[in-house]
1. Against the definition (assigned to a helix (DSSP H, G or I) and touching a residue at least 60 places away in the same chain (Cβ under 8 Å)), how does Ile36 come out, yes or no?
2. Filter region 52-69 down to the residues that are of a type in the set (A, V, I, L, M, F, W, C) and open to solvent by less than 60 Å² (accessible area, probe 1.4 Å), then identify the one that is farthest from the ligand (Cβ to nearest atom).
3. State which residue is nearest to the ligand (Cβ to nearest atom) when the search covers only region 17-35 and only residues that are farther than 14 Å from His69 by Cα and surrounded by fewer than 12 Cβ atoms within 10 Å (Cβ to Cβ).
4. Quick check on this structure: which one of Val72, Val48 is within 16 Å of the ligand (Cβ to nearest atom) and open to solvent by 60 Å² or more (accessible area, probe 1.4 Å)?
5. Which of (1) more than 21 Å from the chain's Cα centre (by Cα); (2) of a type in the set (D, E, K, R); (3) open to solvent by less than 40 Å² (accessible area, probe 1.4 Å) is the odd one out, the single condition Arg112 does not satisfy?
6. I want to confirm something. Restricting to region 1-24 and keeping residues that are of a type outside the set (S, T, N, Q) and more than 20 Å from the chain's Cα centre (by Cα), which single residue is modelled with the lowest pLDDT?
Amino acid sequence: MVDTFERLAQIIERRKGADPTTSYVAHLYCKGGDHILKKVGEEAFETVLAAKSGEREQIIHETADLWFHTLVMLAHSNLHPQAVLDELERRFGTSGIEEKAARNDDKSASARRQ
Ligand SMILES: N=c1c2ncn([C@@H]3O[C@H](COP(=O)(O)OP(=O)(O)OP(=O)(O)O)[C@@H](O)[C@H]3O)c2ncn1[C@@H]1O[C@H](COP(=O)(O)O)[C@@H](O)[C@H]1O
């Protein structure tokens, strides 16, 4: 699974400076950061609609589009997907409920100091 991200990240990186008339990734880079973010937003919305529809093939297709455009967004931000995978690794064993409570405690302490 991780190997797929790695392969795709390498291809996406190599597309920097490629011909936008023959490469969709290069076309996205040429359109710029705002366009890439717009595509991520659109694909996220389409993924939500697919999940609501409950159609398996649609969910897989739209999630693949979302992950792909997210990888382009990371590359455009000069980030490798490994950084995100490392963050997910770091979170193993930490409940989301506990993490949120710790964040709220930090906010309260900071508000009291001000
Ligand atoms: N995984 C993908 C991938 N997933 C989705 N897409 C493209 O993403 C686009 C999303 O479709 P939309 O209908 O939302 O967008 P659109 O209207 O076609 O495009 P816009 O004008 O709105 O940007 C389609 O053109 C898909 O073909 C992808 N394009 C490329 N890849 C990978 O990237 C590699 C490099 O691609 P190129 O840069 O095109 O060589 C490919 O070999 C693939 O491995």
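1. no
2. Step one: list which residues in region 52-69 are of a type in the set (A, V, I, L, M, F, W, C), which gives 59-60, 64, 66-68.
Still in the list and also open to solvent by less than 60 Å² (accessible area, probe 1.4 Å): 59, 64, 66, 68.
Values: Ile59: 15, Ala64: 6, Leu66: 9, Phe68: 4 Å.
Checked region 52-69; the qualifying residue farthest from the ligand (Cβ to nearest atom) is Ile59.
3. Among residues in region 17-35 that are farther than 14 Å from His69 by Cα and surrounded by fewer than 12 Cβ atoms within 10 Å (Cβ to Cβ), the one nearest to the ligand (Cβ to nearest atom) is Thr22.
4. The unique qualifying residue is Val48.
5. With respect to (1) more than 21 Å from the chain's Cα centre (by Cα); (2) of a type in the set (D, E, K, R); (3) open to solvent by less than 40 Å² (accessible area, probe 1.4 Å), Arg112 is out only on (3).
6. Gly17
For every residue, the table says whether it meets (1) over 15 Å from Leu8 (Cβ atoms); (2) among the β-branched types (Val, Ile, Thr); (3) in a helix (DSSP H, G or I); (4) over 21 Å from the mean Cα position of the chain (by Cα).
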position: His27; (1), (2), (3), (4): yes, no, yes, no
position: Cys30; (1), (2), (3), (4): yes, no, yes, no
position: Ile60; (1), (2), (3), (4): yes, yes, yes, no
position: Asp65; (1), (2), (3), (4): no, no, yes, no
position: Phe68; (1), (2), (3), (4): no, no, yes, no
position: Asn78; (1), (2), (3), (4): yes, no, no, no
position: Arg90; (1), (2), (3), (4): yes, no, yes, no
position: Asn104; (1), (2), (3), (4): yes, no, yes, yes
position: Ser108; (1), (2), (3), (4): yes, no, yes, yes
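The values are calculated or read from the model by the stated rules, or taken from the named source; none is laboratory data. Since this is a predicted model, take the numbers as computed values, not measurements. Note that each Cβ is placed from the backbone with ideal geometry, even for glycine, and that neighbours are counted across all protein chains shown. These area figures cover heavy atoms from the full protein model, side chains too; ligands, DNA and RNA do not enter into them. Shrake-Rupley method; radii C 1.70, N 1.55, O 1.52, S 1.80 Å.
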